[in-house]
Amino acid sequence: MLATMENMALLDLSDELASMILDSEEAQNYKYTRQVLLDDANSQKNIRQFIRIKEQYEEVQRFGRYHPDYKEVTRKTRAYKREVDMDQNVATFRRAEMDLQSLLDEISL
């Protein structure tokens, strides 16, 4: 009976902690910036282009420098990666993601 009461108390505390995390400024900022990123058509277009070229890059990497399109695909991959990294919405989302991860890391320690 005592173990059951202790388990229930631990579950209550963990639910409280989870709700505090979800209500935190970091989690709210993460949700907001994620939605902004998903709603921005230009950001989504850049991400889709990068994903497409990344798939080509992975195919080229199987053969390495011997693939006929190695230099071109590598160059395009870097260019699209730079473009995605420079996107304001992506940068803001990544910052929010790192802030939330820092909060979770602190809690886990």
> Counting only residues that are in contact (Cβ under 8 Å) with a residue 12 or more places away in the chain and part of a helix (DSSP H, G or I), how many does the range 81-94 have?
Replying inline: 7
>> Suppose we filter the range 24-60 for residues that are of a type in the set (Asp, Glu) and within 16 Å of Asp99 (Cβ to Cβ); how many remain?
In response: 2
>> Restricting to the range 81-106, name every residue that is exposed (fewer than 13 other Cβ atoms within 10 Å of the Cβ), more than 26 Å from Ser24 (Cα to Cα) and among the acidic types (Asp, Glu).
In response: Asp85
> Inside the range 43-70, can you point out the residues that are polar (S, T, N, Q) and within 15 Å of Arg82 (Cβ to Cβ)?
Replying inline: Ser43, Asn46, Gln49
>> Take the conditions within 27 Å of Ala91 (Cβ to Cβ) and out of contact with any Leu (no Cβ under 8 Å at 6 or more places or on another chain) and apply them to Lys71. Does it pass?
In response: no
> Say we look at the range 81-109 and pick out the residues that are at pLDDT 95 or above and hydroxyl-bearing (Ser, Thr, Tyr); which of these is nearest to the chain's Cα centre (by Cα)?
Replying inline: Thr92
> So how many residues does the range 1-37 have that are at pLDDT below 95 and not in a helix (DSSP H, G or I)?
Replying inline: 1
>> I'd like the full set of residues that are in a helix (DSSP H, G or I) and loosely packed, with under 15 Cβ neighbours inside 10 Å, limited to the range 57-80.
In response: Glu58, Glu59, Gln61, Gly64, Arg65, Tyr66, Lys71, Glu72, Arg75, Arg78, Ala79
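The values are calculated or read from the model by the stated rules, or taken from the named source; none is laboratory data. All values reported here derive from a predicted model rather than from experimental measurement. Cβ sites come from the backbone with ideal geometry, for glycine too, and all protein chains shown count toward neighbours.
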